[in-house]
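The values are calculated or read from the model by the stated rules, or taken from the named source; none is laboratory data. All values derive from a computational prediction rather than experimental measurement. Here Cβ is always computed from backbone atoms with ideal geometry, including for glycine, and neighbour counts include all displayed protein chains. The protein model used for the area step is the full one, side chains on, heavy atoms only, and it has no ligands, DNA or RNA in it. Shrake-Rupley method; radii C 1.70, N 1.55, O 1.52, S 1.80 Å.
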Amino acid sequence: MKGIFTALMCSFDEEGKINEKGLREMVRNNIDVQKVDGLYVNGSTGENFLISTEDKKRIFEIVKDEAGDDVTLIAQVGSLNIDEAVDLAKFTTDLKYDALSAVTPFYYKFDFDEIKDYYNTIMANVDNQMIVYSIPALTGVSMNLEQFGELFENEKIIGVKFTAPDFFLLERLRHAYPDKLLYSGFDEMLLSASVLNVDGAIGSTFNVNGVRARKIFELAQAGAVEEARAVQKETNDLIAAILDNGLYPTIKEILKHEGVDAGVCRKPMKPLTEAKKARAHDIAKKYL
Ligand code: SI3
């Protein structure tokens, strides 16, 4: 369960339908070219919150079928509809996904007891392990050290995908829960998280920059911070250019540049303009 995990994208056609051939190519690209340790399926990067339950299930099936046991697979099953979350947790456990993850419930201002009940309810229904997906900037849900500790009292909750720039809290978590798995969620901050001894990282840009991400992680683990900093600088030149051009559509266009049939993003995300498409290809040439 440790190492570099790509937050997998899904290839959609112009009508928003799954492009199975493209999705399979994206899976293979991550395994064979980016050489990542695992895939995080149907997360934010997978446009999970824009698609139907049926499409989520189909994506889980295709990814498992293509990846087999080549890499570790984590299924993001979180949903505001707890019945859907439980259904997806059962579905992916039956498919033999190695672990589940669920975004903290968002939109309504749930109190912590409600959040805890959400995780415990999902896990009471399956024989699997859970990684909490914490991303306060998008969900508005921040948890403190003690609250993470309360979630971790459930032994099936084995870790957290920590997508926040709060390195004070990350250090406290590492110190307080040495046996739980901590994953860095912001690719541009991978080095800072790695020196705090996280167990791995889950990121969108690893779809195109997985090899550098591994270098940063492994160099930091070996104490070679100076060299790791140089690779993080190259990485951040790439990430800054991607963010400036539009995160998910630009990663897809870069994948197309690399010969992967990555499709387009689902509405309401808008397609890249011709100028931005050209810029994405320039980014690929300059920074990959
Ligand atoms: O669920 C997921 O797809 C992720 O793992 C998200 C991951 O934390 C990414 N966050 C978002 C909101 O996309 C990062 O990889 C992020 O794209 C990257 O660091 C650029 O800011």
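Residues of the stretch 72-85 being crowded, with 19+ Cβ neighbours inside 10 Å and in contact with a helix residue (DSSP H, G or I) (Cβ under 7 Å, 6 or more places away or on another chain), which ones? Once the filter is applied, which keeps residues that are crowded, with 19+ Cβ neighbours inside 10 Å and in contact with a helix residue (DSSP H, G or I) (Cβ under 7 Å, 6 or more places away or on another chain), the stretch 72-85 yields Leu73, Ala75, Gln76, Val77, Gly78, Ser79, Ala85. Among the residues of the stretch 1-35, those identified as in contact (Cβ under 8 Å) with a residue 40 or more places away in the chain, of a type in the set (Lys, Arg) and in a helix (DSSP H, G or I) are Lys21, Arg24. Of the numbered criteria (1) of a type outside the set (Lys, Arg); (2) within 11 Å of the ligand (Cβ to nearest atom); (3) surrounded by fewer than 20 Cβ atoms within 10 Å (Cβ to Cβ), the one Asn207 fails is (3).
Can you find, within the stretch 78-122, the residue that is farthest from Ile158 (Cα to Cα) among those that are part of a loop (DSSP other than H, G, I, E, B) and touching a Lys or Arg at 6+ places or on another chain (Cβ under 8 Å)? Can you show your working first?
Of the residues in the stretch 78-122, the ones part of a loop (DSSP other than H, G, I, E, B) are 78-81, 95-98, 104-111.
This time we only want the ones that are touching a Lys or Arg at 6+ places or on another chain (Cβ under 8 Å), so: 95-97.
On the way: Leu95: 20, Lys96: 17, Tyr97: 15 Å.
Residue satisfying both the conditions and the ranking: Leu95.
Selection of the stretch 174-199 for residues being open to solvent by 40 Å² or more (accessible area, probe 1.4 Å) and within 16 Å of the ligand (Cβ to nearest atom) yields Phe186, Glu188, Met189, Ser192. The one condition from (1) of a type in the set (S, T, N, Q); (2) more than 13 Å from the ligand (Cβ to nearest atom); (3) in contact (Cβ under 8 Å) with a residue 40 or more places away in the chain that Thr45 does not meet is (2).
Name the single residue that is nearest to Phe167 (Cα to Cα) among those in the stretch 117-138 being in contact (Cβ under 8 Å) with a residue 24 or more places away in the chain and open to solvent by 50 Å² or more (accessible area, probe 1.4 Å). Step by step, filter the stretch 117-138, then rank; the result is Ala137. Among the candidates Ala280, Ala275, the residue that is within 16 Å of the ligand (Cβ to nearest atom) and part of a helix (DSSP H, G or I) is uniquely Ala280.
Close contacts from the stretch 215-237, counting a first residue that is surrounded by fewer than 20 Cβ atoms within 10 Å (Cβ to Cβ) and a second that is acidic (Asp, Glu), with Cβ to Cβ under 6 Å and a gap of 6+ residues or different chains, come to Asn236/Glu188.
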